[in-house]
Each structure stands twice: as C-alpha cells, then as structure tokens.
1. Using helices alone, what [θ] at 222 nm do you get for the chain, with -39,500 (n - 2.57) per DSSP H run of 4 or more residues, divided over all residues and rounded to the nearest 500?
2. How are the C-alpha pair distances of segment 3-151 spread across 10 Å bins, as whole percents from the shortest bin up?
3. Explain nothing, just compute: Karplus ³J(HN,Hα) = 6.51 cos²θ - 1.76 cosθ + 1.60, θ = phi - 60°, for every residue of segment 13-20 in order, whole Hz, x for Gly and Pro.
4. Please give me the summed charge of the neighbours of N131: other residues whose Cβ is under 11 Å from its Cβ, Lys and Arg +1, Asp and Glu -1.
5. Which whole-number percent is the relative contact order of the chain (Cα, under 8 Å, 6+ apart)?
6. Checking the cross-link filter: which aspartates and glutamates have an alpha carbon closer than 16 Å to that of K114, excluding same-chain neighbours under 8 positions apart?
7. In terms of modelled amide H atoms, which long-range or inter-chain residues lie less than 5 Å from the amide H of E124?
8. Tell me which of N103, A38, V137 sits at the most positive position along the dipole axis of segment 3-151, charges placed on C-beta atoms (Lys, Arg +1; Asp, Glu -1).
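Derivation of every value follows stated rules applied to the coordinates shown; laboratory data play no part. A quick note: this is a predicted structure, and the numbers were derived from the prediction, not measured. Every residue, glycine among them, receives a Cβ derived from its backbone with ideal geometry; neighbour counts consider all protein chains shown.
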Amino acid sequence: MESRELKKIQSAFAGDYPNGYVLGWDSERFFFDLQKLAKGYELVNDTDFNYSRCNDFAFCTTDQKEHCSLKISFILDCFWLSFWQVKNRQGILGHVVERQLMNPDLGRLSMRLKLFLESQSFFEVSKDDLNLVVPGVRLELAEQATIEKCLFEDYY
C-alpha cells in the first residue's frame, strides 16, 4: 500500500467514523453490472453500513457450497476477493476460507470481476496488505486499525 493511499485512509477517519448511511453511499453500486457478469451464479448483496465501509457481494455456486466474496471499498477505489466453502461436520455447518481456489469456474468468474473493476479504475488490495496497521486511526470495534478493517469492515 502506497503512502498516498494510507494518507487517504487516515483523512477519511480524521473526523467522525465514515458511515455509509449518513454519507449516502449506494448499497447497490455495481450490483446490476455484477449480475450480468455472474450469469449462472446466485448473487447476494450483503451490503450494510453498520461497521462496513464497502459493498459486500457473495457469488454462490448452484449447490451453495462454494462462494466468492467481493468487497468494494468506499474509502479508496479498491476491492478484495476471497473464496470460502460451506462445510458440514457432524451436522454443524461452518464457513472455511480457502487459501487456494479449488473451483475453476469461480476462478474464471473472479477474473471477470477483476477485469470489470479494473476497467472502472479500481485496484485489488493484496492479501499481504490487508493486515498492515494504519497509524493514527481509531476504529469503533477493533483495537488495531488495519487496512482490511479501515477499507472494508471493522470487527473485534
């Protein structure tokens, strides 16, 4: 993450916590474009602005077992893609984040999503940058402000 981008993050948090409801952020930003790109997948808009500073979309395979999560920040023109599976262990369902994408169809979808967002002048935040600390920023929930928690979602 470049220093000018860190300064933009710090600036966004200089006053009150940025809140999408107050600032009028569009919870359906890019939804219809993404829907066209994701034919054959269920697209769920999980966007809320309680502690989030992004649009949050989930793309599900037809069997609902594999998912691609796309978060598009309102703080910087950037996004983050992750993949997860629903696992059933002894009748208990749980989410497991995949370190490596196993589903080639989701891989092709993620490439279409990246190309679309890059064509809109957005960049992908690297996994290595997500846990970098942002100096001088206080969050509502997290004790330590990281790139992930500032750009996408604050959590304990």
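1. Result for the chain, helices only: -7500 deg cm²/dmol.
2. Over segment 3-151, the share of Cα pairs per 10 Å bin runs 10, 38, 34, 16, 2 percent.
3. Values per residue, Gly and Pro as x: 9, 5, x, 5, 4, x, 10, x Hz.
4. On the way: positive: K127, K149; negative: D128, D129, E148.
Surrounding charge for N131 is -1.
5. 21 percent
6. Result set, ordered by chain and number: D33, D56, D77, D105, E124.
7. Result for E124 returns F79.
8. N103
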